[in-house]
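Written below as structure tokens is the structure these notes are about.
The values are calculated or read from the model by the stated rules, or taken from the named source; none is laboratory data. In this text, all values refer to a predicted model and were calculated from it rather than measured experimentally. Cβ atoms come from the backbone with ideal geometry, glycine included; neighbour counts cover every protein chain shown.
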Amino acid sequence: MQQNEGMTLIVKTVTRISVWMILLYGIYIIFHGHLTPGGGFAGGVIVALAFLNVLLAYGRKFTSDWLNIGFLHDLEAASATLFLVIGILGISMGGAFLANFLTKGELFALISAGTILPLNIVIGIKVGMSLFLVVWVLAGFKIEKGD
Amino acid sequence: MILPYFIIIPLLAAFIISLIAGKKDNWAVILSVIASSALLVLSLFSFISMKEETITYSMSAWSIPYGIVLVQDALTSFILVMVSIISFTSLIFSIQYIRHLSMDWKYYSLFMLLVTGMNGVIITGDFFNLYVFMEIALFSAFALVAYGSRAEEFEAAFKYAVMGSVSSFLILVGIAVVYSATSTLTMAKVAQILPTLNNEIVLWVGAIFMAGFGLKAASMPFHAWLPDAHSSAPAPISSMLSGVLIKALGIYVMIRIFYNVFNAPEVFMKIFLVLGTISILIGVFLAIGQWDMKRLLAYHSISQIGYILLGMGIATPLGILGAVFHLFNHAIFKSLLFYNAGSVEMALGTRDLRKMGNLMKLLPTTSQTSLIASLSISGIPPFNGFFSKLIIIIAALQAGLPWYALFAVIGSLLTLASFMKVQRYGFKGETVIETAENKIGWRMNFAMITLAVLCVVTSLMVVPGIQEVTLDPVVKVIANKTEYIQLVLGGLNGN
Amino acid sequence: MIVYLLCFILLLVGLYGVLTKRDLIKIILSIGILGYAVNLLLILFAYRNNSIYPILSKGKEISPMVDPLPQALVLTSIVIELGTTAMLVALAVKLFEKYNTFDITEIRRLKG
């Protein structure tokens, strides 16, 4: 009956604390993609998993109140568009599609490696939102006995 | 230069549509028509403006052995023109047709992604990049096949998705072997390094690629998914799949890899000949017994792909000319036939040939254009299908392959028979139908008339004088085989 | 050599599953296995004896490293597999809704 209520109090409490740490770790992975293993895709998956933890522990209704699903859709499309915009800026400022037009900076510094960092951030948002929405949509299918 | 815009424009359109479209599809229609006509203009411009030079474009300004390179030569521009014409008319056709199914922007977004994938496959000069774009095109194709959300469509889409994934993994294995043998993914570099290596590598990789891309092109032993997927999809998508997707992902890539990279090994040319002939005969035999109009057309796609493979397998310049010309012609008349089937389905609510009739009165434009397309696919002069089939048959005779020529003629006669059945039972059938369920709007008629006119106009491409500027540069790119290496590595850099 | 052979066997296991299993979910899992086998093959091709991970970090000596390109390819291929799996699962759910079964021998309205 109470299928959308989520799990027990213990799980909810642990999730309430851990979700921010997972989210932070995902953001860390995204931001250090040009220095350490990881990057946009890996970090985006971790971000999506943080949201999925909330979905599993608190249930569908709470999550849809907490996160604005329509906004996540827009964010996903916007990040993909932004990736292309950075690519097109590369044409006008760097000479070729996706060419680097920012300063390369100092080796091993956080703000370095030109456009790789913004591209990683954009990919992280895109992957995180897409993966979360894929699971959200697949979990939301209502099976009705059909023809 | 204009080369990356063939990818940027449709991709940008797809994402902007999903960003700004609300519940209705007005903005989606406007944006996708703008993007599609821009692509049409760009591709025509690039085909007319470039004659015989090869233009390369280094993505991210990384030069050839390190980065991804986009390559544009006559063959590329030719296939791009084909894709742009069919996608433009399909889009115009779908505006009314898809509203009849649902008012949704998702269709246009997916459609633009399909165009992105095909354009990417066509202009890339890098093996792995080809794989990625191929997957983009395939994913949107899976989703679009299931777009009408009926039970049959999900079934066809699932079958197509399983077959598509398996063939993609085969291709990825092939790419992995190529990379481990040559340590590069750029096609021109691979072509340069392969002759210095053991000859067996080409055989192994060629066999894997033959299976993988053969599945994509639905040549005979790998054809099982095609009739389901192509007949279940919405009509404009059927025309995209049958008209251009199997050619861009299957035939074009096979031409590129087996001619320009592998230097047309004898054994694979023989395989092309045999597979082509089997496809011609079995495709047409299976088609002739069908009563579902779209299923019949889908089986004919297998048979016509057989002609293209036969022309490629002959491997003389004349055979290649026939193959390339038939590639273009088949895109036009098969798309037109699928539009006809779609508009009949929309007007009468059925695809069964036995339940049609009286269509000359009800749908005059549809029946007249379908007559042109039927004559064209069966190879009746003066329509384009006649000339390309004639060239392939003459090439087979000249190359000393009379049996293959005979089989091609038999296939052509059986095609004529099955389209006489379509005309006799379908468009001039005896079932009396008083009124149509839905009216066919001007957009659908416009798409059909455009392609019907092209059916006649493209047959001019064999006229001496026009042939030199349209088909001959394309044939030269293919027939010169691995001259591709020098053209790409020493080509004009378009950055 | 034996690793390549095992990798090939994994590929065949996936192919066997796709071709013989009757359950939609099992087919999807087999496609996953097929994908893993291909990814493993790419990683094996990248391996070099006595070399380390291809990452430059602070204060590290420059020494022979494994080929980083196939690793990037595998990452891309994993993303594509994710898409394939999601697509197939969505189609399987929809098929279950329409046919009320996961058995492919009962899902056959398209014939001929």
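Brief remarks on what is shown
- Among the criteria (1) touching a helix residue (DSSP H, G or I) at 6+ places or on another chain (Cβ under 8 Å); (2) assigned to a helix (DSSP H, G or I), the one B:L70 does not fulfil is (2).
- Counted as qualifying within segment B:387-489 are the helices (runs of 4 or more DSSP H) with 1 or more residues that are surrounded by 15 or more Cβ atoms within 10 Å (Cβ to Cβ) and among the hydroxyl-bearing types (S, T, Y), namely B:402-421, B:442-457, B:483-489.
- On the stretch given as segment A:99-112, residues that are facing another protein chain (nearest Cβ under 10 Å) and either over 27 Å from the mean Cα position of the chain (by Cα) or closer than 22 Å to A:T36 by Cβ (or both) total 3.
- Checked against (1) modelled with pLDDT under 90; (2) over 23 Å from B:W403 (Cα atoms); (3) surrounded by 23 or more Cβ atoms within 10 Å (Cβ to Cβ), B:N358 passes all but a single condition, namely (3).
- Residue within segment C:62-85 that is under 20 Å from the mean Cα position of the chain (by Cα) and closer than 12 Å to B:F158 by Cα present: yes
- Selection count where residues are surrounded by 13 or more Cβ atoms within 10 Å (Cβ to Cβ) and under 29 Å from C:I78 (Cα atoms), scope segment A:1-22: 4
- Residues within segment B:36-72 that are among the small types (G, A, S) and touching an Asp or Glu at 6+ places or on another chain (Cβ under 7 Å), tallied: 0
- From the options C:A86, C:A46, residue that is at the interface with chain B (Cβ under 9 Å from one of its Cβ atoms) and touching a helix residue (DSSP H, G or I) at 6+ places or on another chain (Cβ under 7 Å): C:A46
- In this structure, B:M82 does not qualify as crowded, with 19+ Cβ neighbours inside 10 Å, within 13 Å of chain A (Cβ to nearest Cβ) and of a type in the set (A, V, I, L, M).
- Only one of the numbered conditions (1) within 14 Å of B:I122 (Cβ to Cβ); (2) modelled with pLDDT of 90 or more is not met by B:A35, and that is (1).
- Of all residues in segment B:20-56, those being within 17 Å of B:Y5 (Cα to Cα), within 14 Å of another protein chain (Cβ to nearest Cβ) and touching a helix residue (DSSP H, G or I) at 6+ places or on another chain (Cβ under 8 Å) number 3.
- Assessment of segment C:60-82 against the conditions (facing another protein chain (nearest Cβ under 10 Å) and at positive phi) yields no matching residue.
- C:K98 meets the stated requirement of being at the interface with another protein chain (Cβ under 10 Å from one of its Cβ atoms), more than 19 Å from A:G39 (Cα to Cα), of a type outside the set (S, T, N, Q) and over 18 Å from the mean Cα position of the chain (by Cα).
- Residues that are surrounded by fewer than 17 Cβ atoms within 10 Å (Cβ to Cβ), in contact (Cβ under 8 Å) with a residue 12 or more places away in the chain and not in a helix (DSSP H, G or I) were ranked within segment B:185-235; the one that is nearest to the other protein chains (Cβ to nearest Cβ) is B:A224.
- Residue count for segment A:134-146 satisfying the condition of being surrounded by 13 or more Cβ atoms within 10 Å (Cβ to Cβ) and in contact (Cβ under 8 Å) with a residue 40 or more places away in the chain: 2.
- Failed condition for A:G124, given (1) within 12 Å of another protein chain (Cβ to nearest Cβ); (2) modelled with pLDDT of 80 or more: (1)
- Within the set C:L42, C:L34, C:L24, the sole residue that is closer than 26 Å to B:S183 by Cα, touching a residue at least 24 places away in the same chain (Cβ under 8 Å) and surrounded by 12 or more Cβ atoms within 10 Å (Cβ to Cβ) turns out to be C:L42.
- Here B:I122 fulfils each of the conditions (1) closer than 30 Å to B:G490 by Cα; (2) surrounded by fewer than 24 Cβ atoms within 10 Å (Cβ to Cβ) apart from (2).
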